[in-house]
Every structure is written in C-alpha cells, then in structure tokens.
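Enquirer: Here it is: the structure, laid out below.
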Amino acid sequence: MLYTDDRTGFGVVEVTNLVDTDRRAARATGPLARLTQGQPVALHGRWTTHPQHGETFSADWFAPSTPVT
C-alpha cells in the first residue's frame, strides 16, 4: 500500500501481475483501501497515464481471486 484513505476507500497500491508477463509490476488506484498486502485479487478497470506518476491501472472494482502457484 502506497496510500489509503479509509474515509473514502481510495487506495494506491503496487501490484504484481501474474497474468500479463509484459507488465509484471504496476501501480493501481481506485477503491482499494481495504486490500491487504499479498491478497490475490482481480482488478477491473482500465490503463491510464497519470501526468505525474505515468502508466497507472485505474480500478473500478476488484474481486478476490485464487492464488496462482
């Protein structure tokens, strides 16, 4: 977790992508404040380019997922 706002539920997290091998790590933003470190999730949203932080995944929502082994 890089940033969370418990009042609004907004969070900024660094995620490891185990599906798209071209993007192994990324920054994601959205209603992610309740995520815990290491929790496997599927993020649903779109890629955006933030003027200050660059390529960012803007999540609309997330769902728990099964860990990949």
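Enquirer: Report every pair of residues separated by at least 6 positions or lying on different chains whose Cβ atoms are under 7 Å apart, first residue within the stretch 55-68 and touching a residue at least 40 places away in the same chain (Cβ under 8 Å), second surrounded by fewer than 13 Cβ atoms within 10 Å (Cβ to Cβ) and assigned to a loop (DSSP other than H, G, I, E, B).
Expert: Note: pairs meeting the criteria are VAL68/LEU18.
Enquirer: With the requirement that a residue be modelled with pLDDT of 90 or more, in a strand (DSSP E or B) and open to solvent by 40 Å² or more (accessible area, probe 1.4 Å), what does the stretch 24-40 give you?
Expert: ARG27 - this is the single residue of the stretch 24-40 that is modelled with pLDDT of 90 or more, in a strand (DSSP E or B) and open to solvent by 40 Å² or more (accessible area, probe 1.4 Å).
The values are calculated or read from the model by the stated rules, or taken from the named source; none is laboratory data. Quick caveat: nothing in here was measured; it's all calculated off a predicted structure. Cβ coordinates were reconstructed from backbone atoms using ideal geometry, including for glycine residues, and neighbour counts include every protein chain displayed. Side chains included, ligands, DNA and RNA excluded: accessible areas come from the protein's heavy atoms. Shrake-Rupley method; radii C 1.70, N 1.55, O 1.52, S 1.80 Å.
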